[in-house]
Amino acid sequence: MRILNIAAVAAVAMMAVPAVAFADDFEALCTATDKSEPTVASCKCASGKVTGADRTTAIEAMKAMNAAMASGKAEDAAAATQKHAKGIEIVMTAQATCM
C-alpha cells in the first residue's frame, strides 16, 4: 500500500513540474520588455487564463515580438504571420480581462 501511495505522489509531481515550467515561460516572455508591477500582475493573471494551443501560439508570438524588440526594429512584416498576430491578440485579450 505504501508503495502505491509513493507511486501516486511521484506521478502527480511529474505531471506538475512541466506545467509550472510552462507557466514560467509565459510570464517571463510576457514581462521581458516591461518589469513594472502592473505588467507583472497582468502577465501573471493572463498566464492563468491562456491554455492549450492558444498558449503555444501566444508564446511563439511573444518570442518573435521580443526578438524583434531586442534587435531595435519592428518585426519584419514579411516574417510576421497570421499566427503571430493571433498570438499577440490572445495575450492582449487575456490581459484585458485581468484589468
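For the stretch 36-77, what does the alpha-carbon gyration tensor say about shape, rounded, prolate or oblate, given a ≥ b ≥ c as the root eigenvalues, a/c under 1.5 as rounded, and a/b over b/c as prolate?
Oblate is the answer for the stretch 36-77, as a/c is 1.5 or above yet b/c matches or exceeds a/b.
Using a cut-off of 21 Å between alpha-carbon atoms, which lysines can reach LYS49, once sequence neighbours fewer than 8 places away in the same chain are excluded?
Those lysines meeting the cut-off are LYS35, LYS63, LYS83, LYS86.
Each reported figure results from applying straightforward, stated rules to the coordinates on display, with no laboratory input. Source: prediction; values computed, not measured.
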